[in-house]
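Colleague: Got a structure for you, written out below as structure tokens; questions coming shortly.
What follows is calculated from the coordinates using simple rules that are stated; it is not laboratory data. As the structure is a computational prediction, the values presented were derived from the model and not from experiment. In this analysis, Cβ positions are derived from the backbone assuming ideal geometry, glycine residues included, and neighbour counts consider all displayed protein chains.
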Amino acid sequence: MVSQTSAKFEESLKERPKKRPDKNRKLSWLLLAPVLAFFALLNVLPTLWMLGLSFYDYTLTSYKAPTFTGLTNYSDFVKNEQLSASVSRTFIFLILAVIAQTLLGILIGVFFWKNDKMPGRRLALTLFFTPMVVTPIATALFWKLMLDPTFGVVNYMLTSLGFSRTDFLTSSTLAFPTLIVVDTWMWTPFMALMTLAALGSVPKAELEAAAIDRLPIWRQITSVIWPHAKFILMLGILLRSIDAFKTMDLTYIMTNGGPGDTTELIALSLYRFAFKSFKLGYSSAVSVFLLFIAIALTAIYLYILNAKKKAEQTE
Amino acid sequence: MTNSSLEIRELSKSYGSKPILSKLSFAIPSDDFAVICGKPGNGKSVLVRLIMGLEEADSGKVLVRGEDVTNSEPGSRNIGYIPQTFALVPHFSVQKNIEYPLELLNASKEEKAEAVERVAELLKITDLLAKKPEQLSGGQKQRVAIARGLAKPTDVYLLDDPLVGLDFKLRERLIDDLRVSQEKLGVTFLYVTSDSLEALQLAKTVLVLANGTIVQQGPLADVYDNPTNISTLDTLGFPEANLISGEVKNSVFESSTFSIKTNIKGYSGPAVAGIRPESVLLGKSPDAVVLKAQVTLMENLGSEIVSYLKVPGTMLKLVVSRTDNEAIKALNSNELSIFMKLPSIKIFNKQSGQWVGNGVSLV
Amino acid sequence: MKADDVFAANPELDIEPFSSLVKNTYQVYPDGSGIRWGFPQMPDTQGVFLRKDMLEDPKEQAAFKQKTGKDLPSTYEVLSNIEFDDLVEIIEFFHRPAKGMYGTALMYSKEYDFFSCAYYPFAYSTGGKIWDPETNNVYGILNSPENEKAMEQFVGLKKYQPANFAAFGIGDMIDLFTQGKAFSAWQWLAVGKFMSSDKVPADKVISIPLPKWKGNLIGAMGGQPWVINAFNDDDHMRVAVDVLKWWYTKETQDKFIKENGGLPWSAEGAANPEYLEVAHYVKPFLYMLEEGRSQDFWHLPEYAEMLAVQQAAFNGYATGQVKTAKEALEYAAAKQQQILYKAGRTETPPPDNVDSLKI
Amino acid sequence: MSRSLNFKPSNDRATKITLTFACWTTAILFFLPIAWIIATALKPKNTVLDIPPKVLFVPTLQNLIDALSFSNTLSYFINSIIYSSIAVLLAILVSFLAAYSFSRFKPAGTDFLMFLLLSTRFVPAAAFVIPFFQLFNILKLKDSFLGLIIFYTMFSIPFSVWILKGFIDGVSTKFDETGLVYGAKRPHIMFKLVLPQVRSGLVAAFVFNIIFVWNEFLFNFQLGGLKTYGIPVGLFTSITKGGQVDWSFVASIGTLYVLPLALVIYFFQRYLLVGLTFGTVRGEV
């Protein structure tokens, strides 16, 4: 039944079939075009602009034209111990706040997850989630009011219970921990949400099996839950870390970096350089530095994510 | 071969350095029900994708109705397609799903209604038309998918293992429906499967796909009875054929189980003897290979029983009917004797897999 | 753009101010050049708001007399010439934290210029300077022993204030005072209208100029001018000038001062007896606006940066993060000197250890 | 080992009651500050700073009415709704195209581009404001809805692409191929076959981004103007009246602010979860 092969056909087989014009490749870039255009205009351009500015002495309030000063802005930044202190303070804030939010978030997330049929669960979760969606301008202001030694409801309750009045936001020892507490209030719901998501990604069958086998709780966590849940949890920690690194609203409104500079985080310093002093070159250098930190954090996360993908592929 | 509905010429495809298909060729005349049967991993789905135009071949040609479509878009090939996974659009009703290929052809309302009525009746799903795919059972979904494929008004249809994963009963019913449909419509079906039972039940013409190429093609009975390649014997048939390794020397096949004279000419070297389970018979017979056997396992298949027999040097499968009480009794006895008629023993070249001859007499 | 150009085209806008303070604070740049850029909008000076009802309470008067042997002053005439020490004595007398009444409130907030402006009168009035406008030098001038003493005195008043005094800004003091929780508040006079509430109505409040330090008094200037953006197109420019014309009409000023609690600042407005009667804080305002009675700080483009530095340091001293006033002043002076040196405003470099200075 | 010590939804009655109590207590504790804001909004203005705090009071809507009628508040609300909804919808449209391309065609550098997109969200906002300010001045986009919509579209693109790619990856390519074979054109496949199957992803991307854009302050403040300011700017610029914080106003805006968001969370809870995990989890919260 094999067809008769003419000489012409033999000939035609020797050459590779003509490639169909690769429509898909063209189409794929066409579909990406709008996003890439937005991206180039509103991200690449400003980033390059920022990078460029960081090598200039450019202050809006001076009449001097921008002058190229190479790495001076960076060396100024590194030399300035006030700023280095601000950066390390930011890291301390980030670590403490994210740890607190993660632990508390996991705990609460597990509670809600275990109790998946509780009455009014949807409403309870809605109430629980509100702190992270209301603008920090309003919540930070109200925290300031609630913590006020004279008019604040928190101090009122403390004194009613026999404690002494506490000035949470103007004490150089208490202000920083107080901000961490408020930040934790604001973002624990987020970590709880990520915990719910992470637990939701664990196959039900494996959990059932673990429960039937009566595995000890730590074994359930290490061998059943963690392998599935870790990536979403890591994502949550990454997003929180980066946001914590950028924290500005809270400090700006509640303490303005004070008392003194005990709550001055780097984003607030940056804001000051850019919008109070209009030192564009200098603030750009600081921004580039922050950008590198953010990208490093993201890259670490994606590295882990890719390691996961590879592991799955080899399975 | 211009009157063939579908013709493949020396099609090759490899992924990286791994060859999947190599110089695969076949042609299917119109109105045929052709089944491509191949074991899993033999490149069936790649072949389907190449025929449909979802992927590009490295070399070779695809001709539909005599026309070279190697470089044309999938949508312009005018082939009815029934995918392996149902791929029923979840947000369309059954009716809309079935109409879908016609919708894309800008068919009129009447044409669509007519086509839906026709295929729905054919596949007995008229009462499902208003439902959404998620409301259907697996078998119903499959019928709808088939109906959708058939709704496209064309004369060549490609069915990509459409019954895989369905339960036995449903398969039986759908197999019937498919055969009836093909005959009623008077069109060409190319049916791709890894299930040899399906192939046996459906095919008018069967094509055996092995090692990335079609090793044998022909009318079902012909191919079944006269496998020209060991892959055919291995792929087509249920239960699988008994294979006994040995050596051919001076037209004599020698193995640790038996030695026979054959009609082999011009070959000597390693060889394999293939005997279908139904050619292994109970009892004794002159002019046949007779062996003493011991039953190790009996597998109840419903209408048939497969017994696994220990014979000198190897194991053999044997099939008896459930209603054959005498045979069952015999199988349960300690002293068992079996025989194989000489012509039913087929000898293949071990290296190339090519058929070299049959048994003719005892040594 | 230059206000002088606008005045040239619209002479009716060139209104004579009540004192040169208005001109120097809101209009002229650089200092002493006479070139005008701004238009006076809402000049502001500092004063002290007191609870008149408490001062006038016969029982309090008797108790005060008994405690100190002095009469408790309650009239503007006496209070407007009060010495700092005497005012503190009165504040101490009314400081009753157990009853939820604090003696006073001042601004120590890190926000904007709050601490600085509240502190400056203490420094200015006791002979302190914050910089040398001739050489643009700060180091060695801001960190002087006078300023150190003044800051200790200023922050020393915390004992008559609520625990979170260090966060006090304009609003916090308004809340404290109008909720009836403070006897007095050192406040900008322009917010006088808001220094009363239904709990502490206006007739229970009296405002006075800042007290005197051995007869000397120089306050800080507040308020803000109008300025016109040079990048405006013609339409915007016309509208900007029209707004100014509207602002300076008699009707608008009447409405601003009589109905909205604004303050008069022009020679003509200050002479208007109607305005003087509108509210209790007009009198002290004009008093503080007299020649040489108040003083603004640096008129330099770098001011925001300089301000941020000293606000953090000064506020740090108020909260105890910085141990001594000397350290706070030393830090601010060095950093400001560095800022000015880098901007090319002075030849004198900052001290060598400037980069390693920390609050 | 107690039965409750395992990671599966609990069925034990005593455990359930304890958990319910714990969950509700937590929820209420976290909500208390928000509740305080709402209560303040409903309190008569002159009792806001009272100590001891007024817990029992006759609620009044006056503060809310005052807040809404103050200056441009209402138009700021409307502005917020206009630019946030248009920008997010536009972002979802272009993100869908890109996500489809990333998912189906995997063009060269897909991983890198996805990474770049995501990393842009991690740059401190203050760093970008000035370049944007200058760019917007050059393009004459300042204080225009067009400018804000363009900006917020970009702002919403990264997460939209990530979420939608996760979802499109979950739709079998069989649908695309079946469509192709039957002669469908690409746009048809994308919008008629695939798009309806990623509806959850679309909603998730919408919910997620609308919360972000609705809350964004700095850029609206710097790039917008009187015509286009949104409600966070409206709130920020009106916090103080005559030098003191107008608590009733802040509380009223805060309340008006939280209500739509709370409704969104209540009705789209599932999608919030889905959005936060870039579509990797599609289950119920």
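Colleague: Are there DSSP H segments in chain D that both extend 27 Å or more along their axis (alpha-carbon positions) and score a mean Kyte-Doolittle hydropathy of at least 1.0? List them, or say none. Don't jump to the answer; show the numbers that get you there.
Modeller: Values: long enough: D:13-42 (40 Å, 1.45); D:73-104 (45 Å, 1.48); D:145-169 (34 Å, 1.59); D:247-267 (30 Å, 1.82).
Sorted by number, the helices that extend far enough and score high enough are D:13-42, D:73-104, D:145-169, D:247-267.
Colleague: Hey, another quick one. Would you kindly state the longest site-free stretch of chain C, with sites defined as GluC sites (Glu not before Pro) in a DSSP loop (not H, G, I, E, B) surrounded by at most 11 other Cβ atoms within 10 Å?
Modeller: Numbers: sites that count: C:E134, C:E291, C:E347.
Answer - C:135-290.
Colleague: Only four residue types carry charge here, +1 at the Cβ of Lys and Arg and -1 at the Cβ of Asp and Glu. Report the dipole size of the protein assembly as shown about the Cα centre in Debye, rounded to the nearest 20.
Modeller: 4040
Colleague: Something else about it: Under a Cβ-only charge scheme (Lys and Arg +1, Asp and Glu -1), can you give me the dipole magnitude of segment C:46-220 about the Cα centre, in debye to the nearest 20? Working shown, then result.
Modeller: Values: 19 positive and 22 negative charges, 102 e Å.
So the magnitude is around 480 debye.
Colleague: Can I ask one more? State the answer as a single residue: which of A:L48, B:L50, B:L24 lies farthest towards the positive end of the charge dipole of the protein assembly as shown, with beta carbon charges of +1 for Lys and Arg and -1 for Asp and Glu, about the Cα centre.
Modeller: Towards the positive end, the residue furthest out is B:L24.
Colleague: For segment A:79-142, state which trypsin sites (Lys or Arg not before Pro) are in a DSSP loop and have at most 16 other beta carbons lying within 10 Å of their beta carbon.
Modeller: Numbers: sites: A:K79, A:R89, A:K114, A:K117, A:R121, A:R122; in loops: A:K117.
For trypsin sites (Lys or Arg not before Pro) across segment A:79-142 that sit outside H, G, I, E and B with at most 16 neighbouring Cβ atoms in 10 Å, the list reads A:K117.
Colleague: Taking Cα atoms, how many degrees apart are the long axis of helix A:23-39 and the longest axis of chain A, rounded to 10 and kept between 0 and 90?
Modeller: Relative to chain A, helix A:23-39 is tipped by roughly 20 degrees.
Colleague: A further question on this structure: Among A:K64/A:K276; B:K23/B:K265; B:K249/B:K310; B:K261/B:K292, which pairs are too far apart, with a Cα-Cα distance over 22 Å?
Modeller: Numbers: A:K64/A:K276 18 Å; B:K23/B:K265 28 Å; B:K249/B:K310 26 Å; B:K261/B:K292 20 Å.
From the list (A:K64/A:K276; B:K23/B:K265; B:K249/B:K310; B:K261/B:K292), the Cα-Cα distance tops 22 Å for B:K23/B:K265; B:K249/B:K310.
Colleague: Kindly put A:I99, B:I305 in sequence by how many other C-beta atoms sit within 10 Å of each C-beta, fewest to most. Working shown, then result.
Modeller: Values: A:I99 13, B:I305 18.
Placing the least packed residue first, the sequence is A:I99, B:I305.
Colleague: So what is the relative contact order of chain D, in percent, for Cα pairs below 8 Å that sit 6 or more residues apart?
Modeller: On the way: 294 pairs, mean separation 76.4, N = 285.
Reported relative contact order: 27 percent.
Colleague: Follow-up. Can you classify segment B:64-199 as rounded, prolate or oblate using the Cα gyration tensor, where a ≥ b ≥ c are the square roots of its eigenvalues, rounded means a/c under 1.5, and otherwise it's prolate if a/b beats b/c and oblate if not? Walk me through the intermediate numbers first.
Modeller: Numbers: a/c = 1.55, a/b = 1.07, b/c = 1.45.
Oblate.
Colleague: Hey, another quick one. With a cut-off of 8 Å between alpha carbons and a minimum separation of six or more residues, what is the relative contact order of segment D:193-276 in percent? Present the calculation step by step, with values, prior to reporting the outcome.
Modeller: On the way: 40 pairs, mean separation 37.8, N = 84.
Relative contact order comes out at 45 percent.
Colleague: Quick one: grab the alpha carbon gyration tensor of chain A, order the square roots of its eigenvalues as a ≥ b ≥ c, and give me rounded if a/c is under 1.5, else prolate or oblate depending on whether a/b is larger than b/c.
Modeller: Because a/c hits 1.5 or more and a/b fails to exceed b/c, chain A counts as oblate.
Colleague: Compute the orientation-averaged projected area for segment C:46-220 from the convex hull of its Cα atoms and round it to one decimal in nm².
Modeller: Values: hull surface 42.3 nm².
About 10.6 nm², averaged over all directions.
Colleague: What are the extents of the Cα atoms of segment D:8-97 along their three principal axes, in Å, largest first?
Modeller: The principal-axis extents, from largest down, are 54, 53, 16 Å.
Colleague: With a/c under 1.5 counting as rounded, go ahead and sort segment C:148-233 into rounded, prolate or oblate using the C-alpha gyration tensor (a ≥ b ≥ c being the square roots of the eigenvalues; past the cut-off, prolate if a/b is larger than b/c, else oblate). Can you show the working numbers first?
Modeller: Values: a/c = 1.81, a/b = 1.27, b/c = 1.42.
Oblate is the answer for segment C:148-233, as a/c is 1.5 or above yet b/c matches or exceeds a/b.
Colleague: Would you please give the residues with an amide H less than 5 Å from that of C:W226, counting only those at least 5 places away or on a separate chain, with H modeled from the backbone geometry?
Modeller: Under 5 Å from the amide H of C:W226: C:F39, C:Q41.
Colleague: What distance in nm lies between label points placed 7 Å from Cα along the C-beta direction at A:D213 and B:V363?
Modeller: 5.5
Colleague: Would you be so kind as to identify all helices of chain C, as entire DSSP H runs, whose Cα atoms reach 27 Å or more along the helix's own axis and whose mean Kyte-Doolittle hydropathy is at least 0.5?
Modeller: Details: long enough: none.
Both cut-offs are met by no helix.
Colleague: Select from B:L236, B:S4, B:A120 the residue farthest towards the positive end of the dipole of chain B; place +1 on Cβ of Lys and Arg, -1 on Cβ of Asp and Glu, and compute about the Cα centre.
Modeller: Highest projection toward the positive end goes to B:L236.
Colleague: Quick one: Karplus J couplings for segment B:72-86, per residue in order, coefficients 6.51, -1.76, 1.60, θ = phi - 60°, nearest Hz, x for Gly and Pro?
Modeller: Residue by residue, segment B:72-86 yields 9, 5, x, x, 9, 7, 6, 10, x, 9, 10, x, 5, 7, 4 Hz.
Colleague: Another one. Trypsin sites (Lys or Arg not before Pro) within segment B:115-146: which are DSSP loop residues with at most 14 other Cβ atoms inside 10 Å?
Modeller: Numbers: sites: B:R118, B:K124, B:K131, B:K141, B:R143; in loops: B:K124, B:K131.
Loop-located and lightly packed - B:K124.
Colleague: Among C:D53, C:D71, C:D296, which one moves the most in a GNM of chain C with springs linking Cα atoms closer than 10 Å?
Modeller: C:D71
Colleague: Viscosity 1.567 mPa s, temperature 4 °C: give me the Stokes-Einstein translational D for segment D:102-215 in µm²/s, with Rh taken as the Kirkwood radius over C-alpha pairs.
Modeller: Values: Rh = 16.3 Å.
For the chosen part, D equals 79 µm²/s.
Colleague: Continuing with this model, one more query. Translational diffusion coefficient, Stokes-Einstein: compute it for segment A:204-315 using the Kirkwood radius over C-alpha pairs as Rh, at 10 °C and 1.306 mPa s, and state it as an integer in µm² s⁻¹.
Modeller: Values: Rh = 17.5 Å.
Answer, rounded: 91 µm²/s.
Colleague: Could you work out the relative contact order of segment B:1-92, using alpha carbon pairs under 8 angstrom and six or more residues apart, expressed as a whole percent?
Modeller: On the way: 126 pairs, mean separation 29.4, N = 92.
Computed value for segment B:1-92: 32 percent relative contact order.
Colleague: Over what distance in Å are the Cα centres of segment C:120-153 and segment D:113-187 separated?
Modeller: Rounded to whole Å, the Cα centres lie 55 Å apart.
Colleague: Can you list which of the chymotrypsin sites (Phe, Trp or Tyr not before Pro) found in segment A:140-189 are DSSP loop residues with at most 11 other C-beta atoms within 10 Å? The partial results should precede the final answer.
Modeller: On the way: sites: A:F142, A:W143, A:F151, A:Y156, A:F163, A:F168, A:W185, A:W187; in loops: A:F151, A:F163, A:F168.
Taking segment A:140-189 and a limit of 11 other Cβ atoms within 10 Å, the loop chymotrypsin sites (Phe, Trp or Tyr not before Pro) found are A:F163.
Colleague: Here is a further query. For the pairs C:K250/D:K45; C:K181/C:K214; B:K131/D:K192; C:K193/C:K283, note any where the Cα-Cα span goes beyond 25 Å. Mind dumping the intermediate values first?
Modeller: Numbers: C:K250/D:K45 34 Å; C:K181/C:K214 30 Å; B:K131/D:K192 19 Å; C:K193/C:K283 14 Å.
Among C:K250/D:K45; C:K181/C:K214; B:K131/D:K192; C:K193/C:K283, the Cα-Cα distance tops 25 Å for C:K250/D:K45; C:K181/C:K214.
Colleague: With 30 Å as the limit, write out which pairs from C:K199/C:K258; B:K184/B:K346; B:K109/D:K185; A:K230/D:K185; C:K59/D:K241; C:K255/D:K140 have Cα-Cα distances beyond it, or answer none.
Modeller: Working: C:K199/C:K258 23 Å; B:K184/B:K346 38 Å; B:K109/D:K185 21 Å; A:K230/D:K185 41 Å; C:K59/D:K241 36 Å; C:K255/D:K140 37 Å.
Check vs 30 Å cut-off fails for B:K184/B:K346; A:K230/D:K185; C:K59/D:K241; C:K255/D:K140.
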